[in-house]
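The values are calculated or read from the model by the stated rules, or taken from the named source; none is laboratory data. Because the structure is a prediction, the values reported are computed rather than measured. Positions of Cβ are backbone-derived with ideal geometry, glycine not excepted, and every protein chain shown enters the neighbour counts.
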Amino acid sequence: MKKILSISFLLLITVLYSCKKQDKNGFLSNNLKYTSANQTANIGLVLWSSGAMLTDESTKPMEFSIAAIRKSDGSSAEFLREVKVNTYSWTGIYSDGDTKMEEIDVKRTPVVRPALDINPVNGSLIIYPEVRDPLKFPEGNYVVDILAKNPAGEVVLKNAINIKVVYQLKNPAFWRLGSGGGVDGSVTSLDVKFTRLQPTGGKLIVRYFKKGSDVPINPKEFYGFEYKGQAGFTDGFKDFRTLGAGNPLKMTTLTDRIELDVKYPIPYVAGKLIRIDELNDTSIFGSSMNYWLDFTIVEDGVWQMDIILGND
């Protein structure tokens, strides 16, 4: 009986030792991993993050770096190391209450970073919202090896994560129906068409149409839904008078369009969307209607935004 207990004890010690790499400087676990080893990165609109590496009580401080990048077929994807983007390093916390561009700029510093980056402290992989060129950073599956270090030593985590890269924003202008369907009342469908009339400049032209008609609706027929005081909104009426911090610089409402002088991107912080929520009583479809949408335009130019309302 004593012999059996002794053998069991030795086996337990062996198992425990095999799970840990220890020396006088601390402990480096053999069980470092991400919460999920297979993740989808929807990029081009918002910042993507893998989440921090789970370190299994390894001695701090930890230091992480990218050891290798491959495609799912095993071929090299080291070219991604050379893909850089202009982004921002934030020193303060962004707030929806920031009403001026200067209030945002004081909280961040322009930096150039690798398109596929890593937080060296916690191991979180990052793809920035400014990554929008599928020729430089193609869609597909990428396998990443991670080098982890601490006072106890270092280890290369082979196949630490598989990332499926999909572009959410393939064009510099994007829109989506607002949560809850985007239409109510007598309007039953909503579509938006963006046209880049010129590649440079800072202007946005907004037009409204009934579906199937090429005659613009007078923009003065619409008025914004008031969000002021509601959770998450601080800028009042959600129409084209409020396009985030500092925008528009100028707004002119004509009988067939709205002309806005703006500073792109809209909104001013990449990865965010602007909500437009407008109503009309009876003059368009004979009874009250409401539509709401979220949009962003991330590159300079003279842009035309056609809002098409259906009453099917």
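What to note about this one:
- Every residue from segment 268-309 that is of a type in the set (Asp, Glu) and surrounded by 18 or more Cβ atoms within 10 Å (Cβ to Cβ): 277, 278, 300
- Check on residue 275, modelled with pLDDT of 90 or more, under 24 Å from the mean Cα position of the chain (by Cα) and either hydrophobic (A, V, I, L, M, F, W, C) or within 16 Å of residue 305 (Cα to Cα) (or both): yes
- Scan of segment 193-224 for residues that are over 27 Å from the mean Cα position of the chain (by Cα), in a strand (DSSP E or B) and not hydrophobic (A, V, I, L, M, F, W, C), ordered by number: 207, 208, 210, 223
- Contacts under 7 angstrom Cβ, first residue in segment 97-113 being under 18 Å from residue 247 (Cβ atoms), partner exposed (fewer than 11 other Cβ atoms within 10 Å of the Cβ) and among the β-branched types (Val, Ile, Thr), 6 or more apart: 107/91; 108/91
- Test: residue in segment 147-156 that is exposed (fewer than 14 other Cβ atoms within 10 Å of the Cβ) and in a strand (DSSP E or B): yes
- Restricting segment 253-275 to residues that are basic (Lys, Arg) and in a loop (DSSP other than H, G, I, E, B), the residue that is farthest from residue 204 (Cα to Cα): 272
- Selection status of residue 141, in contact (Cβ under 8 Å) with a residue 12 or more places away in the chain, in a strand (DSSP E or B) and under 21 Å from residue 41 (Cβ atoms): yes
- Enumeration of residues in segment 157-183 that are closer than 30 Å to residue 278 by Cβ and buried (at least 17 other Cβ atoms within 10 Å of the Cβ): 167, 169, 172, 173, 174, 175, 178, 182, 183
- All of 206, 143 fail the test of being over 30 Å from residue 288 (Cβ atoms) and either crowded, with 17+ Cβ neighbours inside 10 Å or among the basic types (Lys, Arg) (or both), apart from 143.
- Selection status of residue 187, assigned to a strand (DSSP E or B) and either outside the structural domain of residue 297 (by TED's automatic domain parsing) or touching a strand residue (DSSP E or B) at 6+ places or on another chain (Cβ under 6 Å) (or both): no
- Among the residues of segment 85-138, those that are of a type in the set (Lys, Arg) and surrounded by 12 or more Cβ atoms within 10 Å (Cβ to Cβ) comprise 107, 108, 113, 132, 136.
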